[in-house]
1. Do we find a residue being over 27 Å from His659 (Cα atoms), surrounded by fewer than 17 Cβ atoms within 10 Å (Cβ to Cβ) and without any contact (Cβ under 8 Å) to a residue 12 or more places away in the chain anywhere in the stretch 786-799?
2. Out of the residues in the stretch 12-21 meeting the condition of being open to solvent by 30 Å² or more (accessible area, probe 1.4 Å) and touching a residue at least 24 places away in the same chain (Cβ under 8 Å), tell me which one is farthest from Glu292 (Cα to Cα).
3. Within the stretch 186-202, count every residue that is farther than 20 Å from Ala95 by Cβ, assigned to a helix (DSSP H, G or I) and not basic (Lys, Arg).
4. Which one of Pro39, Pro46 is over 20 Å from Trp205 (Cβ atoms) and either modelled with pLDDT of 95 or more or of a type outside the set (Ser, Thr, Tyr) (or both)?
5. Given the options Gly110, Gly34, name the one that is open to solvent by 50 Å² or more (accessible area, probe 1.4 Å) and on the phi > 0 side of the Ramachandran plot.
6. Which one of the conditions (1) surrounded by fewer than 21 Cβ atoms within 10 Å (Cβ to Cβ); (2) at pLDDT below 95 does Leu88 fail to meet, given that it meets all the rest?
7. With respect to the numbered conditions (1) open to solvent by less than 40 Å² (accessible area, probe 1.4 Å); (2) under 16 Å from Gly565 (Cα atoms), which one is the sole condition not fulfilled by Leu632?
8. Against the definition (charged (D, E, K, R) and buried (at least 16 other Cβ atoms within 10 Å of the Cβ)), how does Asp606 come out, yes or no?
Amino acid sequence: MSERATRTLGEADPADVGWLGGKGAGLARMTQQGLRVPPGFVIGTPTCRDYLAEKALPEGLADEVLARLAALERITGKTFGGGPVPLLLSVRSGAPVSMPGMMDTILNLGLSRAAAVALGQATGDVRFVADVVARFHAMYAETVLGALDPGEGVDEVEPDDDPGVVYDRVWAACARALAEETDEPVPTDPRAQLLGAIEAVFRSWNTRRARTYREHHRIPHDLGTAVVVQAMVFGNLTADSGSGVVFTRNPVTGEPGLFGEYLAHSQGEDVVAGTRTPDPVGTALAPELLAELGATCADLERSHGDVLDIEFTVERSVLYFLQVRSAKRTPEAAVRIAADFLADGHDTGAVLRGVTPAQVRQIQRPGFDEGDLAAARAGGRLLTTGIGACPGQVGGLLMLDPDRAVAAAQNGGDVVLARAVTSPADLHGMIAARGIVTATGGSTSHAAVVARALGTACVVGAGEMAVDPTARTLTIGSRVLHEGEEVSLDGASGELFAGRMATSTPAAAVGSLGALLAAAERASGGSLLARVTLPADVATAREAGAVGLVTAVDDVLAATGHLDGLVAQLLAGDTGFARVADLVAEQFAHLFAAAGAGEVGVRAIDLVADEARELLQQTAVTTRHPELSVPLGSPALVEAQLRGLARAVADAGAPVRVHLAVRHISDPAEARELRALADRAGGTVGVGAYLTSARGAYHAAGIAAACDVIWIDLRALQASVFGLPGRHLLTAEPLDDYRRRGLLACDPRTTIDPAVADLLTRLARVEAPGCAIGPRLSGEVSQEAAAQLYALGFRRFAAEIREVRPTVLALGRAALS
């Protein structure tokens with residue numbers, strides 16, 4: 001190793017998250033702020049990457065770790081592997097990006113027989129010694145050796161037993177249980193334990209669950225994890241000891257004030273594992289400890305400028321801080337917290353970074369129909385009530401196994417996954433599910449934390465529920481449900497219902513979200529038009545914040561049942577388009593009247609659109625009319641649409657500014673011909689081009705000279721550069737599989753490819769005073785793509801209605817990044 005692989009918590013730079021990982025950076029900051037943090041050191045992420053490349057610990061690492069260990073012994077006054085006061089260690093993972101529960105941890109490391117005897121003499125509690133030995137043996141066996149060891153022999157211990165004899169008995173019982181799984185024993189040498197644990201944490205970076213989590217959250221696979229080695233403190237030592245997790249604000253609602261849980265006489269793994277249900281921190285902690293915790297949490301929130309998730313341990317009434325990180329939160333909580341922070345004068349950029357476009361999407365999701373919900377309650381369909389861990393009202397097929405949940409979802413079903421308790425091994429099923437319910441655990445359990453990260457409706461601690469995955473039944477009292485039956489879940493109230501309820505779309509988000517989006521819009525200075533199809537869409541688009549509208553003639557005709565007639569006319573050889581002009585005038589008059597004032601961009605009929613091949617019977621139509629394969633192959637069809645739109649504007653009696661944009665234009669001569677057609681049609685409707693090809697981008701300046709508007713059809717442009725049908729950029733497959741196989745360096749659905757970025761750079765530099773230029777975005781708008789477009793200089797966009805709010809936020813974040 002050319003440089004030191006380790007840094008102590010006191011000397012590390014907390015800002016160097018990439019090297020320290022999130023956990024190490026948080027601990028370093030708290031240590032340097034003077035908080036009570038158990039001392040320790042961090043092995044940096046570069047060492048993990050070296051280990052994964054070489055499949056062995058780098059040369060010199062063991063010596064450096066043992067030197068740090070000797071220093072830790074001096075600081076604590078304890079002895080690793082012996083007495084009179086033994087030093088035990090926790091060895092924990094800590095990636096640069098939070099991945100809760102996805103990688104490995106080992107507690108109570110450093111137990112030899114001598115250390116166990118010394119621990120018993122130092123604490124005077126031999127049952128505590130037995131518990132620590134069993135926990136360590138089981139955790140090391142599972143994490144390092146990959147074998148199940150339930151931890152044996154604790155219940156037989158008597159208070160006056162000799163600690164050495166207890167160690168021998170418990171260790172031997174654990175070893176016998178482990179021998180049924182593997183021939184490799186847990187080492188009795190504490191130093192071998194430490195090096196084995198470090199390797200195990202490094203290996204856990206590439207476990208299936210960790211890779212699945214990173215793929216879902218688009219976290220790079222090459223970051224690696226740091227390893228945090230710390231002196232242990234014991235929440236399971238005495239009655240006035242315990243462990244807890246606390247949030248500086250409620251992660252479900254966003255309400256200010258401490259929110260969390262505490263479990264007396266426990267280690268931290270007991271709180272987050274969900275196998276025991278903890279108590280609310282506000283009532284479980286002694287008043288003086290609660291006051292200290294509250295004051296410290298408030299200080300940490302102010303210094304971090306974020307809502308925090310803090311793990312702590314109480315050892316004999318002394319409070320220790322073990323972790324601080326940005327809190328996972330529900331979308332509703334994220335928006336309320338951000339609005340509160342804005343009102344309190346926090347930095348706008350930091351506030352906007354605390355909310356994602358995905359969270360804005362999630363709070364727009366449908367909820368249960370109120371009538372159906374009332375009928376379900378009155379009809380006795382309420383099965384049980386647990387703890388609401390992540391809001392969302394969903395229904396689906398009851399599944400009791402994660403693999404079967406994935407299979408059901410892949411077959412097109414909505415799934416509610418029910419488990420006694422979830423673990424990282426269930427992640428693939430949790431991702432597939434629309435809702436999750438567990439029998440045990442609290443709001444900081446694995447199920448709750450992961451569900452909040454996924455934005456999936458979740459209920460935990462439904463204690464009346466008995467899950468039998470073998471029999472494939474869920475029993476609640478006298479009610480027995482079988483896997484595959486329909487259920488409904490309310491992740492806010494914690495209720496689980498038999499049967500499925502209808503859902504309805506909630507009112508447009510207002511209040512906190514409105515204030516947040518207003519700040520984002522001010523920051524970006526952008527303007528956003530929303531895609532509409534029917535007059536009823538207009539109010540929704542305006543409420544979402546759109547300053548104008550875009551639509552398409554073929555979409556409107558399809559939605560009103562008239563497109564089939566046009567296709568039939570073309571197949572019959574009739575190219576008289578008077579009926580098209582009449583239909584456009586009739587249908588668009590209603591839309592323009594609803595729009596009132598403002599801009600409405602209309603895309604002309606595209607008879608070669610990839611996303612509507614079957615609807616438009618493209619092969620048959622273009623075989624009969626090959627001229628329709630090119631943008632202006634039928635001037636009469638384009639002119640009919642222009643005349644129809646002009647009549648619609650007059651009939652609507654509204655001061656709308658309308659333009660007709662033709663797709664696939666790639667030559668200035670086409671643009672000039674389009675302008676001439678508009679002039680012949682009366683000149684009251686503007687004209688524009690949808691650029692879908694590299695050639696169109698190349699000739700953008702000449703095209704802009706003859707147009708009022710240019711829309712850059714980003715999806716079509718990306719697809720053409722990749723040589724893919726445009727429809728594939730709106731679906732999961734086949735590109736998900738292609739990406740998993742490493743066959744594309746860029747995901748064209750979420751990221752602008754460098755080849756396309758070069759074309760967009762050219763477009764952004766076009767000087768056309770009379771022509772407005774902007775990207776037309778299809779499907780979900782990723783934060784990454786929005787940031788790339790904003791950085792190129794684009795300030796005018798069009799998107800789907802449901803994407804208006806997420807895009808406004810994304811652009812505001814991009815402006816302040």
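1. no
2. Of everything passing the filter in the stretch 12-21, Gly18 is farthest from Glu292 (Cα to Cα).
3. Number of matching residues: 6.
4. Being over 20 Å from Trp205 (Cβ atoms) and either modelled with pLDDT of 95 or more or of a type outside the set (Ser, Thr, Tyr) (or both) holds for just one of Pro39, Pro46, which is Pro39.
5. Exactly one residue qualifies, and that residue is Gly34.
6. Only one criterion in (1) surrounded by fewer than 21 Cβ atoms within 10 Å (Cβ to Cβ); (2) at pLDDT below 95 is unmet by Leu88, namely (1).
7. (2)
8. Against the criterion (charged (D, E, K, R) and buried (at least 16 other Cβ atoms within 10 Å of the Cβ)), Asp606 qualifies.
The values are calculated or read from the model by the stated rules, or taken from the named source; none is laboratory data. If you're wondering where the values come from, they're calculated on a predicted model, not measured in any experiment. FYI the Cβ positions are ideal-geometry reconstructions off the backbone, even for glycines, and counts take in every protein chain you see. Keep in mind that these areas ignore ligands, DNA and RNA; they rest on the heavy atoms of the full protein, side chains included. Shrake-Rupley method; radii C 1.70, N 1.55, O 1.52, S 1.80 Å.
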